[in-house]
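Here the structure comes first, spelled out in C-alpha cells, and everything after it is commentary.
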Amino acid sequence: MTVSYTLKVANSRFGGFSKLLFRWKGSIYKLLYKEFIVFVVLYTMLSIIYRQLLTKEQKRLYTKVAKYCNRSTDLIPMSFVLGFYVTLIVNRWWAQYTSIPLPDQLMCVISSNVHGKDERGRILRRTLIRYANLSALLILRSISTRVLKRFPTMDHVVEAGFMTQDERKKFECLHSDFNKYWIPCVWFTNLAAQARRDGRIRDDVALRLLMDELNLYRAKCSMLFHYDWISIPLVYTQVVTIAVYSFFAFCLIGRQFLEPLEPGQEGDLDMYIPLSTLLQFFFYAGWLKVAEQIINPFGEDDDDFETNKLIDRNLQVSLLSVDDMYQNLPPAVKDKYWNESTAQPPYTTATAAETLKPSFLGSTFDMRVCEDTEQSQPMEASPAVPRIQTPLLSRFFAAASPAISIKHLGRGPRGHPHLQRPRVDGGFPSPHPSTAKDPEAVACIEEEMEDESQDSEPTTAGGHPEGNRPLEASETQRKELPLVQVEAPSSDSIGADQQEAWEP
C-alpha cells in the first residue's frame, strides 16, 4: 500500500521532517538494513584481521594496499552517476502514473450523449463503460503483479463481471501473437456506431466526441504497455550498480584504521566505528535502492501503485455516472447570492484572520510614480515632421537630436551638425538641441540647412558635383524629408572640411 505522509508536512514547523525519520513502513531503513548489516560485518572482520592476525610486514603491505584503495574511491563519480540515473527514473515513474487510464472524462461523455431511459439505453451505456474498464484491466493484468495475482486467469475476469461468457469466446477466437488489450476498444467503437444508427447518439458531433475520448483512453493503455516493454537500457543500470558496489568494496579496505609505518610517526585517530563511511554507504546505497524500488512501480513494494484499488474505484464510479446519474438531476433553483452583486462566502472563527489580508492586485499596484504633471502628459507626434528610424549606432554618436542620422557626420562643413556655426543673431546653436526643451534651436538648424542647400552645390565623397538634378525634385524631397543624408566622407573631403571650419 502506498505510504502517504502529506498531512504530516502540510505546515512547515520546527523539526517537521524529524517526525518522519521514525517511521518504518516505506522507510529507507526497511529498504536498506540488510545491505547495511552485510557492510558492517565485512568491515568489522577486516578490522579484526588487521589488528590481531597480521604481522608487521603484512601490516606494512596492507597499509600500501589500503592507501591505494582510498585514492581509488576519488576516481568514481558517484554523485554524477547516481544523480542522473535517479532523476531519469523518477521522471519515468511519474510519467507512468499519469499514463494510468482513468474513465472520468469518458464516462461524462457517455452519460451526456448516449440517450434513452429505457432498458436498451441503459444497457448501451453500461456496456460501453464496461468495455473501457475491461481494456484497462487487461493491460494492468499484463504489467502489474498485484493485478495478475487477483485475476490469474480469464475465468476470474469473467467471474468478476468485467466480461461475459460470449465476449470471452469471441476474445479467445481472435488469435494474435501480441497483447489483445485493444479488443474491447474495438467493441466500443462498433457499439457506438450502432447506437448512432439507432438514434441513441443524436448527431455526428457527439459521436466524434465519444470517439476522441476513447482514443485518449486507449492511448494511455498503449503507453503503459510500452513503458513495460521498453525499459531503461540495461547497460546504464549495470554501470550504476557496478559503480556503487566497487566504491564500497574499496571503502572496506581503504577506510580501515592504519598504524604508522615508522616508529614515532603520528598516526590517524583510531575510530572503531567509521561514521563518515557508514553515512556514505547510507546515502549512496540508499539512493540506489530508491531507484531499484521505483524503476517498476507496478510491483508489490510499499510505494508501488495501488492498481487493484484503482480498478475498484474506476468500475464503481463509471457505472454510477452512466446509470444512476443519467438525467438524474437536482432541481435548478436560485443560488444563495442571487440578489447580491458580490458573493462573499462566510468564514469560520479559525479562518477569520484571512479576511484582514488585502487581495493581491499586482506587484506594481502600490508603486509610487512621479507626480510631475509635465512628465505625465501624453506626447503626440507632429504631422509636419515624419518619423525616421535612426540606426542603432546613431543613438550613441548623434545624441544632439533624435532626427539626425549618423550619416550626417560624413558631410562637409555644411553637413556637420557637430560644428558650431553662428546664427543670424550672432549666437551659437546648442550642441545638443532637443525638440521638447529647445524648439527654437531645432528650427534654427533646419533654416540653416535649407539656406545652405540653396546657396551651395552639394558634392559627393569623391568631389563630383550633383547639380544636375531638377529643382522641383530637390524641393519635393526637402518638403518630405527636411534632413540631408549623405554617404561617408573620404580623406580629402575631411581635410577640406577642417580647413574651412577654421576660416574666420
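The values are calculated or read from the model by the stated rules, or taken from the named source; none is laboratory data. Not measured: the values here are computed from a predicted model. Cβ atoms come from the backbone with ideal geometry, glycine included; neighbour counts cover every protein chain shown. Ligands, DNA and RNA are excluded from the accessible area calculation, which covers all protein heavy atoms including side chains. Shrake-Rupley method; radii C 1.70, N 1.55, O 1.52, S 1.80 Å.
Just a few scattered comments:
- Extension gain, residue 349 to residue 367, is 3.1 nm, computed as 0.36 nm per intervening residue step minus the present C-alpha separation.
- Electrostatic tally near residue 67: other residues with Cβ closer than 13 Å to its Cβ, Lys and Arg +1, Asp and Glu -1, net +2.
- Label-reachable residues, segment 95-118, where backbone N falls under 11 Å from a point 7 Å from residue 204's Cα toward its Cβ: none
- If R0 is taken as 45 Å, the Cβ-Cβ distance between residue 186 and residue 379 corresponds to a FRET efficiency of 0.05.
- FRET efficiency estimate (nearest 0.05) - Cβ-Cβ, residue 301 to residue 61, R0 41 angstrom: 0.35
- Radius 15 Å from Cβ of residue 5, net charge of other residues (Lys, Arg +1; Asp, Glu -1): +4
- For segment 281-291, 3J(HN,Hα) per residue [Karplus equation, 6.51 cos²θ - 1.76 cosθ + 1.60, θ = phi - 60°, Hz, x = Gly/Pro]: 4, 4, 6, 6, 5, x, 4, 5, 5, 4, 5
- Heavy-atom accessible area per residue - segment 103-229, 1.4 Å, Å²: 53
- Subtracting the Cα-Cα distance of residue 317 and residue 176 from 0.36 nm times their residue separation leaves 47.6 nm of extension gain.
- Per-peptide average of other Cβ atoms within 10 Å, ordering 13-19, 344-350 highest first: 13-19, 344-350
- Pairs from 64/289; 25/309; 34/64; 117/309 whose Cα-Cα separation, in the structure shown, is over 26 Å: 64/289; 34/64; 117/309
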